[in-house]
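What follows is a set of notes on a single structure, which appears directly below.
The values are calculated or read from the model by the stated rules, or taken from the named source; none is laboratory data. This structure is a prediction, so every number in the text was calculated from the model and none was measured. Protein only, heavy atoms only, side chains kept; ligands, DNA and RNA dropped before computing areas. Shrake-Rupley method; radii C 1.70, N 1.55, O 1.52, S 1.80 Å.
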Amino acid sequence: MSDKIRRILNHESPDIILNLAAYTNVEKAEEQREIAFAVNGDALTQICSEISVYNSKQNKNLPLIHFSTDYVFDGGGVEPIRPCARMNPLNVYGQSKAEGEKNILSSPISYLIFRTSWVVSKYRNNFVKTILRKIENDSEINVVGDQYGAPTTAEFIADFLGQLIEDNSLQTRKGVYHICGKGETTWFELANFVFENFKKLKGIPKEKSFRINRISTDEMQSVIKRPRNSRLCCDSLKNTFSIEQIHWKTQVEGIIKDLLQ
Ligand SMILES: NC(=O)c1ccc[n+]([C@@H]2O[C@H](COP(=O)([O-])OP(=O)(O)OC[C@H]3O[C@@H](n4cnc5c(N)ncnc54)[C@H](OP(=O)(O)O)[C@@H]3O)[C@@H](O)[C@H]2O)c1
């Protein structure tokens, strides 16, 4: 791992390091604790250490941009969670991501940690694409209606990163920020929003019926604990980076259109 990072640093001479790699399977992480901690925790110590050595040798201040998650919190309360709130993860995935954050914070390099939530996109597998597939193939689904948060599109994050990278002051930046869609919803409401947009754009044949049942977290009978409150407060992001936070509905509508048209 360290060798690979060193090779990239020495041969590519990057201006920034962006880490979006992570062990993200929340269910499997419970059984593969060691791997989750290696990828989401220890790897950050190695990345930061290599950047630090490189910076000293080259007299540079190469910054790390890293992504983290709402799962570092326990989801208590109903208010949007501020970046400075105490981390208290409920599951192994969250614990390993929290460990990664701590490892970055204890290193001497410049860093920006962005915690995001409920990422959806027209690419790869995600909740919106699952619901679209279910509408086409199934007659009903159960969706949790008592976990609150804001969907965020990968496209929105990518646009933000593009702007950020053009910003020459990146080298001097340090801090932990929250970035997510504006507003709030539940997975159940999001599923309904996807269905409404599907009907608007494609219509539903008369013989086809599709029903979304609202269930509670307890009814899911999952052994994995998930935060009920994933609302992230983005005030410091808006103040620091003068970013316009786009409503989750606008973001999600955009990817549904791209996927269905
Ligand atoms: N998705 C969400 O809802 C969400 C919410 C909050 C925060 N985040 C954070 O956002 C970031 C990106 O998440 P995502 O949803 O894009 O996850 P993802 O789809 O699972 O992508 C993770 C990426 O990491 C790579 N990766 C995993 N283990 C690796 C290893 N040992 N070495 C090198 N690469 C490795 C994977 O490569 P392969 O494709 O080859 O497996 C994949 O490309 C993560 O930090 C995650 O914690 C995501």
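Treating only the Cα positions of the chain as identical point scatterers, give the base-10 log of I(q)/I(0) from the Debye formula at each q in 0.10, 0.12, 0.16 Å⁻¹. Listed by q, the Debye log ratios stand at -0.55, -0.77, -1.25. The accessible surface of segment 144-261, taken with every protein chain in place and a 1.4 Å probe, is 47 percent carbon and sulfur.
Only Cα pairs under 8 Å and 6+ residues apart enter the sum, and on that basis the relative contact order of segment 113-261 stands at 40 percent.
Pairs Lys4/Lys122; Lys97/Lys257; Lys97/Lys174; Lys134/Lys257: which are spaced more than 27 Å apart, C-alpha to C-alpha?
Details: Lys4/Lys122 30 Å; Lys97/Lys257 32 Å; Lys97/Lys174 18 Å; Lys134/Lys257 17 Å.
Pairs exceeding the cut-off: Lys4/Lys122; Lys97/Lys257.
Under a 5 Å amide H cut-off, with hydrogens placed 1.01 Å from N, Ser110 pairs with Leu64 among residues at least 5 apart or on other chains. Heavy-atom accessible surface of the chain, averaged per residue, reaches 52 Å², computed with a 1.4 Å probe. The fraction of accessible area contributed by carbon and sulfur in segment 1-68 is 47 percent, rounded to a whole number (1.4 Å probe; ligands and nucleic acids excluded). Which of rounded, prolate, oblate describes segment 162-240, given a ≥ b ≥ c as roots of the alpha-carbon gyration tensor eigenvalues and a/c under 1.5 marking rounded, otherwise prolate only if a/b is larger than b/c? Because a/c hits 1.5 or more and a/b fails to exceed b/c, segment 162-240 counts as oblate. Rounded to the nearest whole Hz, the Karplus-based 3J(HN,Hα) values (6.51 cos²θ - 1.76 cosθ + 1.60, θ = phi - 60°) of segment 18-27 follow the sequence 10, 10, 10, 6, 6, 8, 10, 7, 4, 5, with x at glycine and proline.
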